[in-house]
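Below is one structure; the comments refer to it alone.
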Amino acid sequence: MNNATRLQYLEAMGIDVRFTVHQAQTGVVAAVDVDEVPSIKQTVALVEASAKAWDVLEKQVSGCKNCELCHSRTQTVFGAGNNNADWMFVGEVPGQSEDLAGQPFVGQAGKLLTEMIQAIGLTRESVYIANILKCRPPNDRAPKVEEIHACSHYLQQQIALVKPKIILAVGRVAAQTLLKTNEPLSKLRGVSHQLTDIPLVVIYHPAYLLRFLPEKRQAWQDLQLANTIYQKIKTL
Ligand code: URA
Ligand code: SF4
């Protein structure tokens with residue numbers, strides 16, 4: 001890795017690059033105990049390990065044949081956004097637009113999801129977006145239980161790598177899969193859940209909101225609930 005790339009990685013991780021570089025070049029560490037500062041080598045090793053894990057996972061997914069959806073897909077839809085995001089949105093399955101683009105939430109529902117993300121002051125690029133399934137079911141039929149079982153370990157690994165501060169389950173399938181429940185969405189929305197130690201909020205799927213406009217007010221309430229939870233965590 002060259003110096004410029006390394007500095008970009010360190011900056012992305014919120015490390016004071018000027019200080020670290022100065023320290024690396026001169027060995028002078030003013031008013032800081034050297035033992036408490038991770039060495040530049042350790043930091044770079046961590047960043048490289050994470051980049052490699054993402055790479056390996058993405059390659060595994062793109063060649064995956066663990067369920068029958070591998071036969072009908074154009075390509076897999078891995079996930080997109082900021083690998084270190086605080087906010088992670090988990091949708092259901094790729095549709096036609098996503099299958100063609102190889103990107104999650106790029107069709108009509110995706111446009112509305114982008115607006116929902118912006119409504120809480122975020123950008124699409126600052127969050128991470130993935131789906132329960134990485135391949136489009138033929139004719140957009142509902143995903144089968146065995147497909148969800150075959151695929152969900154990829155999402156678990158994405159969550160482990162992103163380490164989000166909050167997860168938004170987008171729609172019923174994502175909510176029921178992540179929370180391992182059969183409760184209807186109406187019971188799951190409007191309250192805070194936990195996925196191991198990560199707070200999880202369930203929101204209406206934008207494809208549903210496009211059909212049932214009156215629910216938009218509740219959708220806004222759910223986003224506000226998520227934002228309130230997130231702001232509380234941030235100040236801890
Ligand atoms: N609906 C989803 O749940 N995910 C997508 O990526 C697109 C539409
Ligand atoms: Fe593999 Fe998931 Fe695609 Fe099935 S849906 S082929 S498990 S990536």
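Can you say whether Ile117 is surrounded by 22 or more Cβ atoms within 10 Å (Cβ to Cβ) and outside any helix (DSSP H, G or I), as far as the supplied structure shows?
no
Would you be able to tell me the number of residues in segment 62-80 that are near ligand 2 (Cβ under 9 Å from one of its atoms), among the hydroxyl-bearing types (Ser, Thr, Tyr) and farther than 10 Å from Leu133 by Cα?
1
When you scan segment 140-156, how many residues do you find that are part of a helix (DSSP H, G or I) and crowded, with 16+ Cβ neighbours inside 10 Å?
Residues in segment 140-156 being part of a helix (DSSP H, G or I) and crowded, with 16+ Cβ neighbours inside 10 Å: 6 in total.
Read-outs: derived from the displayed coordinates by stated rules, not from any lab. Owing to the predicted nature of the structure, the values given are computational and were not obtained by experimental measurement. With ideal geometry, Cβ positions are generated from the backbone for all residues, glycine too; neighbour counts draw on all protein chains shown.
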